[in-house]
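S.K.: Below is one structure. I have some questions about it.
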Amino acid sequence: MSLLVLGIESSCDETGVALVRTRDGGVPELLAHALHSQVAMHADYGGVVPELASRDHIRRVIPLANQVLTQAEQALPAIDVVAYTRGPGLAGALLVGAGVACALGAALGKPVLGVHHLEGHLLSPFLSADPPEFPFVALLVSGGHTQLMRVDGVGRYELLGETIDDAAGEAFDKSAKLLGLGYPGGPALARLADFGDDTAYKLPRPLLHSGNLDFSFAGLKTAVLTQARKFEGVPCEQTRADLAASTQAAIVEVLVKKSLAALKQTGLKRLVVAGGVGANARLREALNAACAKSGVRVHYPELHLCTDNGAMIALAAAMRVQAGVEAPNTDYAFDVKPRWPLDMLPLAA
Ligand code: KG4
Ligand code: ZN
């Protein structure tokens, strides 16, 4: 079955549009994708302002769709399915993508499919040069989620463990803020950490020995706050870099050890890492080393597809349709799901 899927992502602060084509029996192919990041717009506020996010998405989405069609040398009528992020995310922002996708589908007489944002992240390594094979353990580390999952196929996801408070990305972002770094904090903290000594501060590794696969990062943020308060008024670059490096090391160690525990528990020998924090170089180094030692293959999305993008949404829709898990529909009376657990997705037969 060959399908041309247009994907629209608008759940948070990136407007992403992409075109993916399914090939018979093969991994779907990314024909073109375009992204507009709102980072600069939200930076002045130190975080995402939902109302501004929605207004910007609506300004960007149609021009980005045109750009993608031009790049892929395709015309609107060639689109078979219009996919959009249905949730989780900011309600107003989601409504923009869903509204445009459903209007486009209705105008073209083509079906639409609402996609789970985390399923998009989870499947994004299938667009990489080294795509995984099922089954695998997935470490999903984004700004809002930190989960370990057993993945047996498209739509067959079993939650093994998750954070009981902050997500890994949130730990990066909040610690970065305490260190006086801008938004988004993850990449900024990682850059500063390059100049620091990661053994300088002894920070907690919450739930490391809990015996289960859950995470907790709220205590780490408090520990960083306590340290940061100590050098208020004495802004020494090296001290900040040392604290950044120690914070990153604590987050990375917990993520690596829990991932290995999940692999051991499931007996699987394949790990997929997805979500924004998956772009972190230290995390990749540490996971590569640990997995090589235990004979585990590890797969990542291409670096530019780690954070939010339209390609993963088009891909997830294409893979769900191709695997027969879900058919696209012509119910243009859509709704969005700001909160939506991944295990509530329609499952494979
Ligand atoms: O997946 P994503 O783009 O959006 C969500 O679905 O949440 O993830 C964004 C998160 C932010 O918390 C950001 O700080 C973090 O990913 N992030 C990083 C890096 N790049 C993005 N964290 C650490 N190191 C990075 N290089
Ligand atoms: Zn995301």
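S.K.: At q = 0.08 Å⁻¹, what base-10 log of I(q)/I(0) does the Debye formula yield for the chain when every alpha carbon is treated as an equal point scatterer in vacuo?
M.R.: -0.38
S.K.: Rounded to whole Hz and in sequence order, give me ³J(HN,Hα) for the stretch 151-156 from the Karplus expression 6.51 cos²θ - 1.76 cosθ + 1.60, θ = phi - 60°, writing x for Gly and Pro.
M.R.: Karplus-based 3J(HN,Hα) across the stretch 151-156 equals 10, 9, x, 4, x, 10 Hz.
S.K.: With only Lys, Arg, Asp and Glu charged, each at its Cβ (+1 for the first two, -1 for the last two), find how big the charge dipole of the chain is about the Cα centre; round to the nearest 20 debye.
M.R.: 560
S.K.: Okay, which of the stretch 1-44 sit inside 17 Å, backbone N to the point 7 Å along the Cα-Cβ direction of Ala75?
M.R.: 4
S.K.: Tell me what the chain gives for mean residue ellipticity at 222 nm when only DSSP H runs of n ≥ 4 count, each as -39,500 (n - 2.57), the sum divided by the residue total, rounded to 500 deg cm²/dmol.
M.R.: After summing the helix terms and dividing by the residues of the chain, the value is -13000 deg cm²/dmol.
S.K.: Could you size up the charge dipole of the stretch 247-298 around its Cα centre, putting +1 on the beta carbon of Lys and Arg and -1 on that of Asp and Glu, and report it in debye to the nearest 20?
M.R.: 200
S.K.: So what are the ³J(HN,Hα) numbers for the stretch 269-283, from phi and the Karplus equation (6.51, -1.76, 1.60; θ = phi - 60°), rounded to whole Hz, Gly and Pro as x?
M.R.: Values, residue by residue: 10, 9, 10, 10, 10, 9, x, x, 5, x, 7, 5, 5, 5, 4 Hz.
S.K.: What nm value, rounded to one decimal, do you get for the distance between Ser128 and Leu303 when each label is placed 7 Å out toward the C-beta?
M.R.: 1.3
S.K.: Also, quick follow-up: If R₀ is 35 angstrom, what is the calculated FRET efficiency for the pair Ala289 and Glu29, using the beta carbon separation as r and rounding to 0.05?
M.R.: After rounding, the FRET efficiency stands at 0.65.
S.K.: Still on this model: Cβ neighbours within 10 Å, averaged per peptide: list 7-18, 65-76, 192-203 in order, most packed at the top.
M.R.: Those peptides, ordered most packed to least, come out 7-18, 192-203, 65-76.
S.K.: Separate question: Given H placed on each backbone N at 1.01 Å, which residues far from Thr163 in sequence or on other chains put an amide H within less than 5 Å of it?
M.R.: Result for Thr163 returns Thr146, Phe215.
S.K.: Length gain on complete extension for the stretch Gln67 to Lys257, per 0.36 nm per residue less the alpha carbon to alpha carbon distance?
M.R.: Gain on stretching Gln67 to Lys257: 64.2 nm.
S.K.: For the chain, what proportion of DSSP beta bridges, expressed in % and rounded to the nearest 5, is antiparallel?
M.R.: Around 60 percent antiparallel, to the nearest 5.
S.K.: How far apart, in nm, are two points set 7 Å out from the Cα along the Cα-to-Cβ line at Thr226 and at Arg156?
M.R.: Placing both labels 7 Å along Cα→Cβ, they lie 4.6 nm apart.
S.K.: Who wins for biggest fluctuation among Gly324, Gly185, Gly310 in a Gaussian network model of the chain, springs between alpha carbons below 10 Å?
M.R.: With Cα springs under 10 Å in the chain, the top fluctuation among Gly324, Gly185, Gly310 is at Gly324.
S.K.: Quick one: of Lys174/Lys230; Lys174/Lys269; Lys202/Lys258; Lys174/Lys258, which pairs are farther than 27 Å apart, Cα to Cα?
M.R.: Those over the limit are Lys174/Lys269.
S.K.: To continue, here is another question. Pull out the extension gain between Asp197 and Val39, defined as 0.36 nm times the separation in residues minus the alpha carbon to alpha carbon distance; nm, one decimal.
M.R.: Length gained, Asp197 through Val39: 54.0 nm.
S.K.: Can you compute 3J(HN,Hα) from phi for each residue in the stretch 215-220, using the Karplus curve 6.51 cos²θ - 1.76 cosθ + 1.60 with θ = phi - 60°, rounded to whole Hz and x for Gly and Pro?
M.R.: Coupling constants for the stretch 215-220: 10, 8, 10, 5, x, 4 Hz.
S.K.: Give me, ordered by chain and number, the residues 5 or more places off Ala83 or on other chains with an amide H under 5 Å from its own placed amide H.
M.R.: Leu6, Gly7, Ile8, Leu113
S.K.: Here's something else I'd like to know. At a threshold of 8 angstrom on Cα-Cα distance, excluding pairs fewer than six apart, so keeping six or more, what relative contact order does the chain reach in percent?
M.R.: Relative contact order here is 25 percent.
S.K.: Could you give the distance between the Cα centres of the stretch 1-41 and the stretch 271-297, to the whole Å?
M.R.: Value for the Cα centre distance between the two parts: 24 Å.
S.K.: Please give the length that would be gained between Asp331 and Gln238 if that part of the chain were fully extended, namely 0.36 nm times their separation in residues minus their C-alpha to C-alpha distance (nm, one decimal).
M.R.: Length gained, Asp331 through Gln238: 27.8 nm.
Where a number appears in this text, it was derived from the coordinates with a stated rule and is not lab data. Note that this is a predicted model, so its numbers are computed, not measured. Neighbour counts are summed over all protein chains in view; Cβ atoms, including those assigned to glycine, are modelled from backbone coordinates with ideal geometry.
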